[in-house]
Amino acid sequence: MNKLTALFAITALAATAGVVQARDLGPDEALKLRDAGTIQSFEKLNAAAIAKHPGSKIEETELEEEYGRYIYQVELRDAQNVQWDLELDATSGQILKDHRDD
């Protein structure tokens, strides 16, 4: 019985640790980071995402803090109606991930 309890505790801690590492930032905190120069402007980040898929429209954006790094997530829909998910480093504007959403 002790092994089962220990296994459950380890599983719960591992699941909680993953959740704690990524934190959604609200609009007020995001604006403070932008105004302080910690992250790039949202216009600049959006432009970098659209440049990767010209003619796309932004459907959704989100700013998260993951492992001490600010990540800007963007969902785009291109002219062929294909949805793309991009992640950018919000500090540098570098595209970290770019994949088609099926």
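Observations
- Test: residue in region 49-56 that is open to solvent by 50 Å² or more (accessible area, probe 1.4 Å) and in contact (Cβ under 8 Å) with a residue 40 or more places away in the chain: yes
Every residue, every condition in (1) surrounded by 11 or more Cβ atoms within 10 Å (Cβ to Cβ); (2) closer than 15 Å to Glu29 by Cβ, yes or no:
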| site | (1), (2) |
| --- | --- |
| Tyr70 | yes, yes |
| Asp78 | yes, no |
| Asp85 | yes, no |
| Leu88 | yes, no |
| Arg100 | no, no |
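- Flag for Leu76 being touching a helix residue (DSSP H, G or I) at 6+ places or on another chain (Cβ under 7 Å), in contact (Cβ under 8 Å) with a residue 12 or more places away in the chain and either farther than 16 Å from Ala22 by Cβ or basic (Lys, Arg) (or both): yes
- The strands (runs of 3 or more DSSP E) located wholly in region 1-79 that include 3 or more residues which are modelled with pLDDT of 95 or more occupy 57-66, 69-77.
The values are calculated or read from the model by the stated rules, or taken from the named source; none is laboratory data. The shown structure was predicted, so the numbers you read here are calculated from the model rather than taken from an experiment. We place every Cβ from the backbone using ideal geometry, glycine too, and count neighbours over all the protein chains shown. Ligands, DNA and RNA are stripped out before the accessible areas are found, and what is left, the full protein with its side chains, is counted by its heavy atoms. Shrake-Rupley method; radii C 1.70, N 1.55, O 1.52, S 1.80 Å.
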